[in-house]
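The values are calculated or read from the model by the stated rules, or taken from the named source; none is laboratory data. Note that the coordinates shown come from a computational prediction; the quantities given were computed from them, not determined experimentally. Here the Cβ positions follow ideal geometry from the backbone for every residue, glycine too, while neighbour counts run over all protein chains shown. With ligands, DNA and RNA removed, areas are computed over all heavy atoms of the protein, side chains included. Shrake-Rupley method; radii C 1.70, N 1.55, O 1.52, S 1.80 Å.
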Amino acid sequence: MKYKVLVLVDGPRDVFMSLNDVADVVFGPFKSRGELLEAVRDVDALVAGVTPIDRELLENAPKLKVVARFGVGYDSVDVEECTKRRIYVTYTPNALSDAVADLTMGLIICLARRILQADRYVRNEWAKPGSPKFPLGRDLSGKVLGIIGLGRIGSAVARRAKAFNMKIIYYDILRKENLEKSLGAIYVDFDSLLGTSDFISVHVPLTEATRGLIGERELKKMKSSSYLVNTSRGAVVDEEAVCRALEEGWIAGAALDVFVKEPLPLDSPLIRLENVILTPHIGSAAEETRRRMAEMDVINVRSVLKGEPPPNPVPEQEGLVFRR
Ligand code: NAD
């Protein structure tokens, strides 16, 4: 009897279809939560994006053996509940670090050199008689980049920033002395990072400890000439406070790839602000990266369906073996 794999993400179908020799592979999305709950009833493996994999869904999926996250942030999956039910949760560490770091660096450069405003200026103003001069940007060389969360993505950002001759400081709950040498990164406490950085880039996972990590207090500690970049998770930053910070000039600008509610509602106050760059959660959105992520998911699902522990369990399930 063949297994059933449900793919809930918009990834490379040919890669997921390679599981066809052991499983029927079916694809979402579904029109409603009700349809999804119905669809998981006979499913052995799920490839999941940001759809919440919560207790209600798990209760409806008695045959489920593995949730393979198509990505590295797994705040959308109730890992504790999965573990209780002996369901593996896997993710795709490293596969997307370079892609997210590339986007982050791109956003930093766009902020410093006002590239988005420059594009609008050429389209709408440059050739007009008497149009104002395009305002100067800032150099990256010699500026301080403060990285919050020097993990896989944070250190990939640091490697890039080093090539731009930026000074790198970081804050993390775990001090990474081995990386300090190779990256030339200096460990500082959270408030010092806020107060001395010219650019702050956030790379922590969304957990109860990091929800709202950057709020009014933190934004007010930042230099008024500094920029905030968030490519981690929307809820790590208090969006309302960021709006006020941008409107009232507590900081010079921001670039956000992730939001509390996605898609970002068109009536969000962020949308009418000029000093923020908004991208639609595209950290890993590069063809090669998405293929690598899908290939990792396939390897993880295949292992579990063979009765073996998967090679990339989330850290909470490291070393666990579920027998059925
Ligand atoms: P990682 O686990 O390698 O790094 C996270 C770092 O944050 C670790 O060094 C950890 O010690 C640190 N950290 C954890 N809690 C902290 C806290 N309370 N205070 C300070 N530091 C803390 O993860 P990663 O692979 O670098 O990914 C980071 C996050 O990026 C993911 O969890 C995900 O939410 C996000 N992400 C976003 C996109 C996107 O499309 N924008 C893509 C991939 C990942």
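Structure summary
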{"item": "Whole-percent carbon and sulfur share, accessible surface of the chain, 1.4 Å", "result": "53 percent"}
{"item": "Loop GluC sites (Glu not before Pro), region 55-154 (other Cβ atoms within 10 Å of the site Cβ: 14 or fewer; DSSP)", "result": "GLU125"}
{"item": "Length released on extending from ARG175 to ARG211, taking residue separation times 0.36 nm less the Cα-Cα span", "result": "10.9 nm"}
{"item": "Phi to ³J(HN,Hα) by Karplus 6.51 cos²θ - 1.76 cosθ + 1.60 over region 39-51, Hz, x for Gly, Pro", "result": "5, 7, 4, 10, 9, 8, 9, 10, 9, 10, x, 9, 4"}
{"item": "Shape category assigned to region 68-202 from the gyration tensor of Cα positions, a/c cut at 1.5", "result": "oblate"}
{"item": "Stretchable slack from SER192 to GLU80, in nm (0.36 nm times residue separation minus alpha-carbon distance)", "result": "36.8 nm"}
{"item": "Residues whose placed amide H lies under 5 Å from that of LYS4, excluding near-sequence neighbours", "result": "ASP24, ASP44, ALA45"}
{"item": "Solvent exposure of the chain as accessible area per residue, Å², 1.4 Å probe", "result": "49 Å²"}
{"item": "Approximate spin-label separation ASP42-LYS128, in nm, with each point projected 7 Å along Cα-to-Cβ", "result": "6.3 nm"}
{"item": "Above-threshold pairs, the threshold being 18 Å between Cα atoms, out of LYS223/LYS261; LYS167/LYS220; LYS4/LYS65; LYS133/LYS223; LYS221/LYS261", "result": "LYS223/LYS261; LYS167/LYS220; LYS133/LYS223; LYS221/LYS261"}
{"item": "Principal-axis tilt of helix 115-124 within the chain, Cα atoms, nearest 10 degrees", "result": "70 degrees"}
{"item": "Total charge dipole magnitude, region 16-103, about the Cα centre, Cβ charges on Lys, Arg, Asp, Glu only, Debye to nearest 20", "result": "220 debye"}
{"item": "Karplus (6.51, -1.76, 1.60) ³J(HN,Hα), θ = phi - 60°, over region 32-38, in Hz, Gly and Pro reported as x", "result": "9, 4, x, 5, 5, 4, 5"}
{"item": "Gyration tensor verdict on region 100-143 (Cα atoms; rounded if a/c is under 1.5, prolate if a/b is larger than b/c, oblate otherwise)", "result": "oblate"}
{"item": "Computed [θ] at 222 nm, helices only, for the chain once each DSSP H run of length n ≥ 4 contributes -39500 (n - 2.57)", "result": "-10000 deg cm²/dmol"}
{"item": "Options GLY195, ALA245, LEU136, ranked by Cα towards positive dipole end of region 97-278, top entry (Cβ charges)", "result": "LEU136"}
{"item": "Amide H contacts of VAL89 (H built 1.01 Å from N, under 5 Å, at least 5 apart or other chain)", "result": "VAL67, VAL314"}
{"item": "Region 1-92: trypsin sites (Lys or Arg not before Pro) falling in loop per DSSP and having at most 16 other Cβ within 10 Å", "result": "LYS2, LYS31, LYS63, ARG85, ARG86"}
{"item": "Dipole magnitude of the chain about its Cα centre (Cβ charges: Lys, Arg +1; Asp, Glu -1), debye to nearest 20", "result": "640 debye"}
{"item": "Cβ-derived FRET efficiency at R0 41 Å, ILE282 paired with MET1, nearest 0.05", "result": "0.55"}
